[in-house]
Amino acid sequence: MVKSKSLYHLALAGVLCAIGIIIPIFSPVKIRLDPMSFTLASHVAIFLAMFISPAVGVAVSVGTTLGFLVGFTMPVVLRALTHVVWVALGAYYLQKHPELIDFRQQVENRNAKLFGLGAVLSIIHAALETLVCVPVYFGQGLSGAETVRILLGLVLLGSFIHSMIDYALSLLIWRPVSGTMRTSRVS
């Protein structure tokens, strides 16, 4: 059974990697302001992987980063690489609190707890992406004030909002499939 579960998770990781790579490439709903890009639902596959397990979450984060090596600038690839950190943190937290994403169970203040988790992960996500962008923007010859405004407004705030939206979309998708994920039997 352990081997079957591992194979099942490997297959899920592969499908989620493909989805996580395809969405940013083909989505018509995106804003690209290099080194920033905001594509609606681009983090959904990563969040779903995080809900499954730490290993699947990290694998999908690494896989999507490798997929971004084709067709995206290096700052975008490096921003994607930072996803490994917040996904690992979120997945390990959910491993300790699986009831939060098992919607078959009654959990007191679930929505507040899920919102808090999303906010914390989105802050970490945005902060890491901002750190990646610091050398890029400081190297563009902008004034210090303009660089800080871009980093705090566009990168930090934009990444936070983008992450929260994708997190909410992920929960909307996860809610109906969570019961089937937890109860599916693989032989």
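The values are calculated or read from the model by the stated rules, or taken from the named source; none is laboratory data. Computed from a predicted model, the values in this text were never measured in an experiment. Because the Cβ atoms are built from the backbone with ideal geometry, glycine has one as well, and the counts that use them run over all protein chains shown. Keep in mind that these areas ignore ligands, DNA and RNA; they rest on the heavy atoms of the full protein, side chains included. Shrake-Rupley method; radii C 1.70, N 1.55, O 1.52, S 1.80 Å.
Put a dot 7 Å past each Cα toward the Cβ at A112 and R175; how far apart are the dots in nm?
It works out to 1.9 nm between the two label points.
Subtracting the Cα-Cα distance from 0.36 nm times the residue separation, let me have the gained length for V85 to R149 in nm, one decimal.
On the way: separation 64, 0.36 × 64 = 23.04 nm, distance 2.52 nm.
Difference between extended and current length: 20.5 nm.
Can you tell me the dipole magnitude for the chain around its Cα centre, using point charges on the Cβ only (Lys, Arg +1; Asp, Glu -1), in Debye to the nearest 20? Show your work: numbers first, answer last.
Details: 13 positive and 7 negative charges, 112 e Å.
With Lys and Arg at +1 and Asp and Glu at -1, about 540 debye.
Not counting ligands, DNA or RNA, and with a 1.4 Å probe, what is I52's accessible surface area in Å² rounded to the nearest 10?
Looks like 30 Å² after rounding.
With the contact rule set at Cα under 8 Å and sequence spacing of 6 or more, what percent relative contact order holds for the chain?
Details: 216 pairs, mean separation 45.5, N = 187.
So the answer I get is 24 percent.
Quick one: grab the alpha carbon gyration tensor of the range 50-148, order the square roots of its eigenvalues as a ≥ b ≥ c, and give me rounded if a/c is under 1.5, else prolate or oblate depending on whether a/b is larger than b/c.
Values: a/c = 3.96, a/b = 1.79, b/c = 2.21.
The shape class here is oblate.
Starting from 0.36 nm per residue, how many nanometres of slack lie between Y92 and A119 once their C-alpha separation is accounted for?
Numbers: separation 27, 0.36 × 27 = 9.72 nm, distance 1.61 nm.
Using 0.36 nm per residue and subtracting the Cα-Cα distance, I get 8.1 nm.
Hey, any idea what % of the range 90-181's accessible area is carbon plus sulfur with a 1.4 Å probe? Numbers along the way, then the final one.
Numbers: 3350 of 4920 Å².
C and S atoms contribute 68 percent here.
Can you compute 3J(HN,Hα) from phi for each residue in the range 168-173, using the Karplus curve 6.51 cos²θ - 1.76 cosθ + 1.60 with θ = phi - 60°, rounded to whole Hz and x for Gly and Pro?
Once rounded to whole Hz, the list reads 4, 4, 5, 5, 4, 6.
In nm, to one decimal, how far is the A168 label point from the L66 one, both placed 7 Å along Cα→Cβ?
Using points 7 Å along Cα→Cβ, the separation is 3.4 nm.
So who's got an amide H within less than 5 Å of the one on T39, skipping anything under 5 residues away but keeping other chains? H placed 1.01 Å off N, in plane.
The list, which skips near neighbours in sequence, is I31.
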